[in-house]
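First the structure, in the form of structure tokens, and then the observations on it.
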Protein chains: 2
Amino acid sequence: MIGDLSPQEIDDLLHSETVARLGCHANGRTYVVPITYAYDGANVIGHSAEGRKVWMMRANRYVCLEVDRMYNPANWRSVIAWGEYQELKDGDAAAAIETLVARFRPMMMSVTASPGHTHATPADVGRSKAVIYRIHLTEKSGRYERR
Amino acid sequence: MIGDLSPQEIDDLLHSETVARLGCHANGRTYVVPITYAYDGANVIGHSAEGRKVWMMRANRYVCLEVDRMYNPANWRSVIAWGEYQELKDGDAAAAIETLVARFRPMMMSVTASPGHTHATPADVGRSKAVIYRIHLTEKSGRYERR
């Protein structure tokens with residue numbers, strides 16, 4: 001059967017996953033790209049080098065995110081959410097980095113022998129010109145299929 | 001290391017996967033949605049009920065597709081492709097359905113006790129008003145990370 005996820009199930013999926021597909025559009029072109037993220041219950045928080053998706057979201061802040069868990073083609077959950085891109089600076093950026101680090105530390109320790117190496121700190125961000133952003137979600141929908 | 005996939009590696013990933021994230025944009029709104037697809041080497045072939053993504057692609061045929069294989073956060077391959085939506089009728093639709101059925105038959109037999117039940121035939125399509133479409137790819141790029 002196919003059905004709608006409840007608001008709680010939608011939030012549970014956003015909390016449990018770490019990869020979203022971000023859709024943005026500017027200058028007549030649509031772009032879909034995977035991002036890693038942390039969810040704070042109201043915003044999807046991410047970081048990026050300067051590049052195409054950042055330029056596009058600066059030009060048009062209204063974006064779409066898709067997050068799913070696919071067990072197999074007949075068993076899956078998917079959330080589609082819309083929101084507004086906001087670039088973070090100073091204290092807001094530092095707090096967002098804390099959220100990202102807390103979310104990814106356990107995961108990175110399982111895939112690398114040098115945990116910490118991949119974690120941005122506020123000092124790293126200053127050096128690398130990373131962009132710290134949040135997407136404030138304004139609308140969410142969720143669907144599932146189960147057989 | 002992070003790098004670019006070769007044209008052959010891009011095509012291999014498009015052939016090996018069956019789920020893409022489709023990004024479309026119309027009337028000021030961007031939409032990202034998972035689709036199942038078959039790739040014929042030049043087009044991504046899909047089917048859909050009448051609904052939001054079909055209406056949006058009729059309004060603006062220029063779309064973006066993202067296909068990936070995520071082994072873990074530090075090991076993945078991702079292809080982003082752009083193309084044009086084309087709705088198929090008659091013989092073109094029948095040939096596209098054959099391609100979809102051939103691609104999904106082995107997979108569906110592994111997840112359901114009633115294979116065939118989920119397969120659209122030309123007669124089913126007439127009954128259910130399914131839309132058969134292809135996205136003719138005009139540009140492809142691919143990236144990988146490996147640690």
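The values are calculated or read from the model by the stated rules, or taken from the named source; none is laboratory data. The structure displayed is predicted, hence computed values, not measured ones. So basically every Cβ, Gly included, is an ideal-geometry build from the backbone, and we count neighbours across all protein chains shown.
Every residue in the stretch B:1-35 that is surrounded by fewer than 20 Cβ atoms within 10 Å (Cβ to Cβ), under 18 Å from A:Pro34 (Cβ atoms) and either under 8 Å from the mean Cα position of the chain (by Cα) or polar (S, T, N, Q) (or both), please.
B:Ser16, B:Thr18, B:Val19, B:Ile35, listed by residue number.
For every residue, the table says whether it meets (1) at pLDDT below 90; (2) outside any strand (DSSP E or B); (3) surrounded by 15 or more Cβ atoms within 10 Å (Cβ to Cβ).
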{"site": "A:Met108", "(1), (2), (3)": "yes, yes, yes"}
{"site": "A:Gly116", "(1), (2), (3)": "yes, yes, no"}
{"site": "A:Ala123", "(1), (2), (3)": "yes, yes, no"}
{"site": "A:Thr138", "(1), (2), (3)": "no, no, no"}
{"site": "A:Gly142", "(1), (2), (3)": "no, no, yes"}
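Do the conditions hold for B:Arg61, that is, is it more than 11 Å from the chain's Cα centre (by Cα), modelled with pLDDT of 95 or more and either over 25 Å from A:Tyr144 (Cα atoms) or of a type in the set (D, E, K, R) (or both)?
Working: more than 11 Å from the chain's Cα centre (by Cα): yes; modelled with pLDDT of 95 or more: yes; either over 25 Å from A:Tyr144 (Cα atoms) or of a type in the set (D, E, K, R) (or both): yes.
The answer is yes for B:Arg61.
Filter the stretch B:69-79 down to residues that are facing chain A (nearest Cβ under 7 Å) and touching a strand residue (DSSP E or B) at 6+ places or on another chain (Cβ under 9 Å) and give me whichever is farthest from B:Cys24 (Cα to Cα).
B:Ala74
Considering only the stretch A:4-16, I want to know if a residue exists there that is in contact with a strand residue (DSSP E or B) (Cβ under 7 Å, 6 or more places away or on another chain) and either within 11 Å of another protein chain (Cβ to nearest Cβ) or closer than 30 Å to B:Val101 by Cβ (or both).
Of all residues in the stretch A:4-16, those in contact with a strand residue (DSSP E or B) (Cβ under 7 Å, 6 or more places away or on another chain) come to A:4-5, A:9-10, A:13-15.
Imposing the further condition that a residue be either within 11 Å of another protein chain (Cβ to nearest Cβ) or closer than 30 Å to B:Val101 by Cβ (or both) reduces the set to A:4-5.
Within the stretch A:4-16, one or more residues are in contact with a strand residue (DSSP E or B) (Cβ under 7 Å, 6 or more places away or on another chain) and either within 11 Å of another protein chain (Cβ to nearest Cβ) or closer than 30 Å to B:Val101 by Cβ (or both).
Could you check how many residues of the stretch A:22-43 are within 24 Å of B:Glu84 (Cα to Cα), in contact with a strand residue (DSSP E or B) (Cβ under 8 Å, 6 or more places away or on another chain) and more than 7 Å from chain B (Cβ to nearest Cβ)?
Going through the stretch A:22-43 one residue at a time, the tally reaches 3.
Considering the stretch A:27-48 alone, what residues qualify as being touching a Pro at 6+ places or on another chain (Cβ under 7 Å) and within 11 Å of A:Leu137 (Cβ to Cβ)? Break it down stepwise before answering.
At the first step, the residues of the stretch A:27-48 found to be touching a Pro at 6+ places or on another chain (Cβ under 7 Å) are A:36.
Hits for the stretch A:27-48: nothing passes.
With the checklist (1) crowded, with 17+ Cβ neighbours inside 10 Å; (2) of a type in the set (Gly, Ala, Ser); (3) modelled with pLDDT under 95 in hand, flag the one item B:Gly46 doesn't pass.
Failed condition: (3).
(1) touching a Lys or Arg at 6+ places or on another chain (Cβ under 6 Å); (2) more than 18 Å from A:Arg29 (Cβ to Cβ); (3) within 11 Å of another protein chain (Cβ to nearest Cβ): which one isn't true of B:Glu66, the others all being true?
(2)
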